[in-house]
Amino acid sequence: MAALSREQLTTYVRGISLRQVRLVSGVVLFAYLVSHFLNHALGNISLEALASGVYLHTAFWQFLPVTILFYTACLVHTALGIWALYERRQFRWKAIEPLQLALGLSVPMLIIAHIIGVRLGQTLYEHEKLYPQVLFLYWIWAPYRIWMMLAVMIIAWVHGCIGLYFWLRVRAFYKRAAPFLLAAAVLVPTLSMLGFYQSGRMVIDNDSAEWRAETQSVRQIGTRAEAQALDRITDFFLFGYFGLIGVALLARGARAINERRRGMINLSYGNGRTVRVPRGLSVLEASLRNNVPHASVCGGRARCSTCRIRIIGDCADLPKPSQREAFVLGRVGTSDPSIRLACQLRPPSDLSFFQLFLPHTMSADGHESNPTRIGQERYLVSLFVDMRGSTKLAEKRLPFDTVFIVNRFLGAVSQAVIESGGRPNQFVGDGMLALFGLSTTRQQACRQALRAAAMIAANVDELNKFLEHDLREPIRFGIGINGGEVIVGDIGYRDHMVFTALGDPVNVAARLQDMTKILACEVVVSDEVRATAGLAEDALPQHDVEIRGRNEPMIVRTVTDARKLTALVNEEQSAAA
């Protein structure tokens, strides 16, 4: 058990990339930003509401574990931003990525004076700078800082929203949630800036000798010497930050010079196209730099495997896969050393390869015949159904008779899938893949798939009665059902694009269908689908099975007679209602 735990931990760690660390730290900072902006919005009510809100805000964010998490996120996110400035060689065609990086790098230089003046002043000199003190500074003592504050609010918010967009755009719920997210993205900063303005006007209206004596005492804002000390610390941090950015830019220049000195290499795409690039570029960066179409759903962040390439010739001299690349290749079940991720492979010498996933290209006449739906990551339930004994059926029949029977079987299956709310997707011989959850919730998708399995059994029974005079034995079938996060999109070439799903959950569903032969049942359902659909623990027999390509056994449920699933699903649905 200990060895298994260590293996699970190792697999989890291998799956962590710098992008995921950047994402987690960014989410922490965005949560702080939302909290701060909502606090600002209370200024639309009164200064008292603003003061009450800031006590709640500081009580949470100055709680020691949260404080450690917050400042760690600040340092990590800033460091990764500087690293991205150095490491990122090629941005995608749109300007949104360099814009996000530029906005992110500008935030620390704009906010550092505010952080040191408020937070470090409290730590070093026990200042009590709250909204009355800060607003007095901005609106009366140094009004030019108003524009700096408004600028940093807009820049930080836009930077965070771009990051969230890159993260959420491939999620299943994004299309439905997008209007609400857009409304929040507009309303929250607008109310915050209005609150900042209204509270500033209140400070100006309240300004008097008595009010200053109450809110601008030495205990609250400190002495001039303390202010000068904090200014020197601010300058030190600014010079240090600019120095780090300068080092990153110099390192980029030194790398470019070094690459030119080390020479150029040729990358051959296996279709007659060859590009010449400096050593050190990844294959995907080389493709982007030279406008060569290259599939990459995640944008080169090693979150998918669509940029995979197969090396032509000897691959012994290539650098070994990084932990992240090895994790992704392991997830897709390949151990072939000639298969690599183009976004991670940086060849040291000439390389020939071909792409395993062709990008969308123009049709022969130069126009897009069918705009491609880009890949999206979402939760789907896959149902694989296969007709048993079709080879034996074809042995003693005319080919057209066999095709007629198989088509009738696939028609019965497709009708059940459609009526249950699913989508027939791929037909492979006498088998079919159906997808559920393209426009429903997870629970609905799981229930639809189970209901479809029951309807398939009923439709096949009717088909057997219709063909009983022509069949020596009834048509039998096997069904495998599994759910999980998959990539859905158009796959194919030019005018032959098909919409389908790719991912480990789809492969597992096909293997569960094969297991119906071993387990002597009509349906094998993953336990995850059973639980999501709301079926009771004891509703179906449980088995632990070994799945090819997986290190751990998988819990599945078997159904001897698929027709019984209708009663189970309806019973649970009635109980939930």
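The values are calculated or read from the model by the stated rules, or taken from the named source; none is laboratory data. Worth saying up front: this structure is predicted, and the values here are computed from it rather than measured. Glycine also receives a Cβ, built like all others from the backbone with ideal geometry; neighbour counts cover every protein chain displayed. Areas reflect the complete protein model, heavy atoms only, side chains present, ligands, DNA and RNA absent. Shrake-Rupley method; radii C 1.70, N 1.55, O 1.52, S 1.80 Å.
Identify, please: which residue in the range 176-225 is aromatic (Phe, Trp, Tyr) and open to solvent by less than 90 Å² (accessible area, probe 1.4 Å) and is, among those, modelled with the lowest pLDDT?
Our first condition is that a residue be aromatic (Phe, Trp, Tyr); within the range 176-225, this holds for 180, 196-197, 211.
From the residues that got through so far, the ones that are open to solvent by less than 90 Å² (accessible area, probe 1.4 Å) too are 196, 211.
Numbers: 196: 93, 211: 88.
Going through the qualifying residues, I end up with 211.
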Check on residue 81, modelled with pLDDT under 95, surrounded by 13 or more Cβ atoms within 10 Å (Cβ to Cβ) and under 21 Å from the mean Cα position of the chain (by Cα): yes
Qualifying residue in the range 387-404 (condition: open to solvent by 20 Å² or more (accessible area, probe 1.4 Å) and modelled with pLDDT of 85 or more): no
Meets criteria (charged (D, E, K, R), part of a helix (DSSP H, G or I) and over 29 Å from the mean Cα position of the chain (by Cα)) for residue 176: no
Residue list for the range 252-280, restricted to those being buried (at least 16 other Cβ atoms within 10 Å of the Cβ) and touching a helix residue (DSSP H, G or I) at 6+ places or on another chain (Cβ under 7 Å): 267, 275, 277, 278, 279, 280
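Identify, from the list 537, 522, the residue that is under 20 Å from residue 558 (Cβ atoms) and free of Cβ contacts under 8 Å to residues at least 12 places away in the same chain. Steps first, answer last, please.
Working: 522 fails: free of Cβ contacts under 8 Å to residues at least 12 places away in the same chain.
Answer to the selection: 537.
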Selected residue (criterion: modelled with the highest pLDDT) from residues of the range 548-560 that are open to solvent by less than 40 Å² (accessible area, probe 1.4 Å) and either more than 33 Å from the chain's Cα centre (by Cα) or farther than 22 Å from residue 457 by Cβ (or both): 559
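Every residue, every condition in (1) out of contact with any strand residue (DSSP E or B) (no Cβ under 8 Å at 6 or more places or on another chain); (2) in a loop (DSSP other than H, G, I, E, B); (3) open to solvent by 40 Å² or more (accessible area, probe 1.4 Å), yes or no:
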site: 294; (1), (2), (3): no, yes, no
site: 310; (1), (2), (3): no, no, yes
site: 328; (1), (2), (3): no, no, no
site: 335; (1), (2), (3): yes, yes, yes
Any hit, the range 238-245, residues being without any contact (Cβ under 8 Å) to a residue 12 or more places away in the chain, touching a strand residue (DSSP E or B) at 6+ places or on another chain (Cβ under 7 Å) and on the phi < 0 side of the Ramachandran plot: no
Every pair of residues 6+ apart whose Cβ atoms lie under 9 Å, when the first sits in the range 455-484 and is closer than 18 Å to residue 415 by Cβ and open to solvent by less than 10 Å² (accessible area, probe 1.4 Å) while the second is of a type in the set (Lys, Arg) and in a strand (DSSP E or B): 460/476
Which listed residue is open to solvent by less than 60 Å² (accessible area, probe 1.4 Å), closer than 15 Å to residue 480 by Cα and touching a Leu at 6+ places or on another chain (Cβ under 7 Å), from 524, 545, 508: 524
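Of 35, 46, which residue is of a type in the set (S, T, N, Q) and closer than 28 Å to residue 103 by Cα? Walk me through it before giving the result.
Details: 46 fails: closer than 28 Å to residue 103 by Cα.
Only one candidate passes the filter, namely 35.
Please work out if residue 408 is of a type in the set (D, E, K, R), part of a helix (DSSP H, G or I) and either open to solvent by 80 Å² or more (accessible area, probe 1.4 Å) or under 17 Å from residue 499 (Cβ atoms) (or both).
Numbers: of a type in the set (D, E, K, R): yes; part of a helix (DSSP H, G or I): yes; either open to solvent by 80 Å² or more (accessible area, probe 1.4 Å) or under 17 Å from residue 499 (Cβ atoms) (or both): yes.
In short, yes.
Hydrophobic (A, V, I, L, M, F, W, C), open to solvent by 90 Å² or more (accessible area, probe 1.4 Å) and in contact with a Lys or Arg (Cβ under 9 Å, 6 or more places away or on another chain): does that describe residue 173? Walk me through it before giving the result.
Details: hydrophobic (A, V, I, L, M, F, W, C): yes; open to solvent by 90 Å² or more (accessible area, probe 1.4 Å): yes; in contact with a Lys or Arg (Cβ under 9 Å, 6 or more places away or on another chain): yes.
When the stated conditions are applied, residue 173 passes them.
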Leading residue by the ranking (most open to solvent (accessible area, probe 1.4 Å)) among those in the range 425-445 that are over 15 Å from residue 509 (Cβ atoms) and among the small types (Gly, Ala, Ser): 439
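So, residue 96, is that one among the hydrophobic types (A, V, I, L, M, F, W, C), modelled with pLDDT under 80 and under 19 Å from residue 161 (Cβ atoms) or not?
Numbers: among the hydrophobic types (A, V, I, L, M, F, W, C): yes; modelled with pLDDT under 80: yes; under 19 Å from residue 161 (Cβ atoms): yes.
Criteria met by residue 96.
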Residue satisfying all of: in the range 428-451; of a type outside the set (Gly, Ala, Ser) and free of Cβ contacts under 8 Å to residues at least 12 places away in the same chain; farthest from residue 532 (Cα to Cα) among these: 428
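Test of understanding: among 340, 324, which residue is of a type in the set (Lys, Arg), at pLDDT 85 or above, in contact with a helix residue (DSSP H, G or I) (Cβ under 8 Å, 6 or more places away or on another chain) and buried (at least 20 other Cβ atoms within 10 Å of the Cβ)? Before you say what the answer is, go through the steps one by one.
On the way: 324 fails: at pLDDT 85 or above.
It is 340.
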Residue 511 assigned to a loop (DSSP other than H, G, I, E, B), within 20 Å of residue 381 (Cα to Cα) and out of contact with any helix residue (DSSP H, G or I) (no Cβ under 6 Å at 6 or more places or on another chain): no
Residues of the range 226-251 that turn out to be within 37 Å of the chain's Cα centre (by Cα) and open to solvent by 70 Å² or more (accessible area, probe 1.4 Å), as a count: 7
